[in-house]
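What follows is a set of notes on a single structure, which appears directly below.
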Amino acid sequence: MLTRETLKVVRVDLDQALAAVAKKHGLKFTVGNIRFSSDSFRTTLNAAETAPVSQAASMTNASTAISRATETACKMHGMDPTKYYRLMDGTPVKVIDYVPRRPKFPFIVQTVTGRKYKVTATHIKNMVTMGAVV
């Protein structure tokens with residue numbers, strides 16, 4: 001008969017066994033909630049690849065890395081994604097993301113202080129005509 005205490009022990013053993021497999025194959029496992037009855041239990045198991053150490057070391061900063069879609073969208077609007085531009089109020093901002101599934105506000109810009117704003121493509125065109133700051 002399965003009890004909560006028995007399943008706590010089973011979960012610890014399961015985590016230890018999965019840790020060995022994860023290390024061998026370069027994966028990260030996540031075990032979900034355990035649901036059980038008197039004679040059986042079930043859980044979800046999710047696996048994800050981990051970045052190799054050499055690849056992780058070569059990455060600059062995941063939050064500042066710009067996607068290919070963002071870079072392409074910036075170039076389509078005549079904007080250099082590595083430069084800062086001014087908003088209408090004079091605040092310097094940099095394009096950090098482009099979300100094509102949002103037709104009204106597809107661009108996300110970030111100020112020097114870290115505040116993020118959603119802006120329209122028209123706003124991006126206006127920023128380009130004002131010129132780059134840095």
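Which ³J(HN,Hα) values, rounded to whole Hz and listed in residue order, are derived for segment 102-116 from phi using the Karplus coefficients 6.51, -1.76 and 1.60 in 6.51 cos²θ - 1.76 cosθ + 1.60 with θ = phi - 60°, glycine and proline given as x?
So the Karplus estimates, Gly and Pro as x, are 10, x, 7, 10, x, 9, 10, 10, 10, 7, 5, 7, x, 6, 10 Hz.
Over segment 68-130, what is the mean sequence separation of C-alpha contacts under 8 Å (at least six apart), divided by residue count, expressed as relative contact order in percent? Mind showing how you got there, number by number?
Details: 93 pairs, mean separation 17.8, N = 63.
Answer for segment 68-130 is 28 percent.
Which net charge results for the neighbourhood of V31, defined as the other residues with beta-carbon distances under 14 angstrom from its beta-carbon, given Lys and Arg at +1 and Asp and Glu at -1? Don't jump to the answer; show the numbers that get you there.
Values: positive: K8, R11, K28, R35, R42; negative: D13, D15.
Net local charge, V31 excluded: +3.
Can I get the semi-axes of segment 4-58's equivalent ellipsoid? Compute them from the C-alpha gyration tensor as square roots of 5 times the eigenvalues, in angstrom, largest first.
30, 11, 7
For the chain, what is the calculated [θ] at 222 nm in deg cm²/dmol (nearest 500), taking -39500 (n - 2.57) for each run of four or more DSSP H residues and dividing by its residue count?
Numbers: 4 runs with 47 residues, N = 134.
After summing the helix terms and dividing by the residues of the chain, the value is -11000 deg cm²/dmol.
Explain nothing, just compute: Karplus ³J(HN,Hα) = 6.51 cos²θ - 1.76 cosθ + 1.60, θ = phi - 60°, for every residue of segment 10-22 in order, whole Hz, x for Gly and Pro.
Once θ is set to phi - 60°, the couplings for segment 10-22 become 4, 5, 4, 5, 5, 4, 5, 5, 5, 5, 5, 5, 4 Hz.
Using a Gaussian network model of the chain whose springs link C-alpha atoms within less than 10 Å, name the residue from I34, I108, I96 with the highest mean-square fluctuation.
Largest GNM mean-square fluctuation: I34.
Give me the angle, in degrees from 0 to 90, between the Cα long axis of helix 121-130 and the longest principal axis of the Cα atoms of the chain, rounded to the nearest 10.
Long axis of 121-130 versus the principal axis of the chain: about 50 degrees.
Under 14 Å from the Cβ of V133, count the other residues' Cβ atoms, weight Lys and Arg +1, Asp and Glu -1, and hand me the total.
Working: positive: K83, R86, K94; negative: D80, D89.
Within the 14 Å Cβ shell, the charges total +1.
Starting from the Kirkwood Rh over alpha-carbon pairs, what translational D in µm² s⁻¹ does the chain have by Stokes-Einstein at 37 °C and 0.692 mPa s?
Numbers: Rh = 18.9 Å.
Result for D is 174 µm²/s.
State, as an integer percentage, the relative contact order of the chain based on alpha-carbon contacts under 8 Å between residues 6 or more apart. Provide the component values of the computation, followed by the final result.
On the way: 163 pairs, mean separation 20.7, N = 134.
Dividing the mean separation by the residue count of the chain yields 15 percent.
When a/c reaches 1.5 or more, the comparison of a/b and b/c decides; with that in mind, is segment 68-130 rounded, prolate or oblate per its Cα gyration tensor? The partial results should precede the final answer.
Working: a/c = 1.40, a/b = 1.28, b/c = 1.10.
Here segment 68-130 falls in the rounded category.
So which lysines pass the test for K104, namely a Cα distance under 28 Å, with those fewer than 8 places away in the same chain ruled out?
Of all the lysines, those that pass the test against K104 - Cα under 28 Å, at least 8 places apart if same chain - are K75, K83, K94, K116, K118, K125.
Quick one: which residues, 5+ away or cross-chain, put their amide H under 5 Å from the amide H of D80? H built at 1.01 Å from N.
Correct list: empty.
Just going by the charge dipole of the chain, with Lys and Arg at +1 and Asp and Glu at -1 on Cβ, which of A47, G32, V99 is farthest out on the positive end?
Positive-end residue among those listed: V99.
Any read-out appearing in this document is the output of simple, stated calculations on the displayed coordinates, not a laboratory observation. Because the structure is a prediction, the values reported are computed rather than measured. In this analysis, Cβ positions are derived from the backbone assuming ideal geometry, glycine residues included, and neighbour counts consider all displayed protein chains.
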